[in-house]
Amino acid sequence: MDKQKQDLLNDQNWEEIILRLTNYAVNLYNKWNLCYDRAIKDYSPDEIALEAIKKVFTEEWSWDSKIDLTYFLFKNLKGMIFNLALRKKENILGTNYDVSEYETLSNKAFSIEDEMTSKIRIEYLYNQIKGNKIEENIFLGWTQGMKKREICKHYNISDTEYKNAYKRVKNKLLKLNIEKQLKS
């Protein structure tokens with residue numbers, strides 16, 4: 001690994017990244033019903049988060065230092081957990097583990113400040129899309145936990161309209177994330 005990349009890795013706030021990755025893993029384990037199963041290689045949410053970080057340090061995953069490291073880790077962690085979920089579906093998973101310790105970690109991962117920041121960002125994004133009925137409906141559907149098919153059916157939106165509006169909302173969200181990074 002080159003010195004510049006090593007320095008970038010060493011300068012990270014690993015405590016925060018590990019906490020965020022573990023929380024994300026817990027949420028994905030819940031989403032894909034892995035909470036009551038110990039995954040392949042006995043991965044618990046915290047173990048799989050650490051495994052993702054290890055893959056960057058050992059260069060098993062080729063991280064380009066031009067790409068945000070946290071984004072890179074989250075994206076690849078999601079892929080790892082998705083593969084575990086697929087294997088579970090194929091009945092390859094084994095024994096149980098106690099999810100209660102991860103619920104505590106999940107609760108600790110979001111502070112009141114994080115919640116307020118999220119609410120402000122959601123409100124800001126909503127104000128950016130206000131006036132475009134399709135974007136508003138998609139956004140409202142997301143906040144209610146609806147999937148694409150449900151949103152299209154509930155709000156009578158065609159597939160093409162959804163895809164176009166989705167791209168516009170996604171671009172506004174990316175702009176919001178970039179603005180947030182510039183301010184911090």
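The values are calculated or read from the model by the stated rules, or taken from the named source; none is laboratory data. Everything numeric in this text was worked out from a predicted model, so none of it was measured. Positions of Cβ are backbone-derived with ideal geometry, glycine not excepted, and every protein chain shown enters the neighbour counts.
Inspect all residues belonging to segment 83-91 and state whether any of them is in contact with an Asp or Glu (Cβ under 8 Å, 6 or more places away or on another chain) and modelled with pLDDT of 85 or more. If you could, list the steps in order and put the result at the bottom.
Initially, segment 83-91 is screened for residues in contact with an Asp or Glu (Cβ under 8 Å, 6 or more places away or on another chain), giving 88.
Pick out the ones that are also modelled with pLDDT of 85 or more and you get none.
No, segment 83-91 has no match at all.
For segment 57-73, state whether one or more residues are at pLDDT below 70 and in the same structural domain as I17 (by TED's automatic domain parsing). Full working, then the answer.
Step one: of segment 57-73, the residues at pLDDT below 70 are none.
No, segment 57-73 contains no residue that is at pLDDT below 70 and in the same structural domain as I17 (by TED's automatic domain parsing).
Please verify whether L28 is closer than 28 Å to G145 by Cβ, in a helix (DSSP H, G or I) and modelled with pLDDT of 85 or more, treating the condition exactly as stated. Before you say what the answer is, go through the steps one by one.
Details: closer than 28 Å to G145 by Cβ: yes; in a helix (DSSP H, G or I): yes; modelled with pLDDT of 85 or more: no.
Against the criterion (closer than 28 Å to G145 by Cβ, in a helix (DSSP H, G or I) and modelled with pLDDT of 85 or more), L28 does not qualify.
Kindly list, by first and then second residue, each pair from a residue in segment 124-135 that is in the same structural domain as Y162 (by TED's automatic domain parsing) and in a helix (DSSP H, G or I) to a residue that is of a type in the set (V, I, T) and surrounded by 14 or more Cβ atoms within 10 Å (Cβ to Cβ), limited to pairs with Cβ atoms under 7 Å and residues at least 6 apart or on different chains.
Once the first residue is in the same structural domain as Y162 (by TED's automatic domain parsing) and in a helix (DSSP H, G or I) and sits in segment 124-135, its partners that are of a type in the set (V, I, T) and surrounded by 14 or more Cβ atoms within 10 Å (Cβ to Cβ) give I129/V169; I134/I157; E135/I129; E135/V169.
Collect the residues in segment 164-179 that are of a type outside the set (S, T, Y), at pLDDT 85 or above and surrounded by 11 or more Cβ atoms within 10 Å (Cβ to Cβ), keeping them in residue-number order.
Initially, segment 164-179 is screened for residues of a type outside the set (S, T, Y), giving 164-165, 167-179.
In the following step, the residues that additionally are at pLDDT 85 or above were identified as 164-165, 167-168.
Once the filter is applied, which keeps residues that are of a type outside the set (S, T, Y), at pLDDT 85 or above and surrounded by 11 or more Cβ atoms within 10 Å (Cβ to Cβ), segment 164-179 yields N164, A165, R168.
Only residues in segment 55-66 that are in contact (Cβ under 8 Å) with a residue 12 or more places away in the chain count as the first member; pair them with residues that are exposed (fewer than 10 other Cβ atoms within 10 Å of the Cβ) and not in a loop (DSSP other than H, G, I, E, B), Cβ under 7 angstrom, at least 6 apart or cross-chain, and list the lot.
S65/Q4
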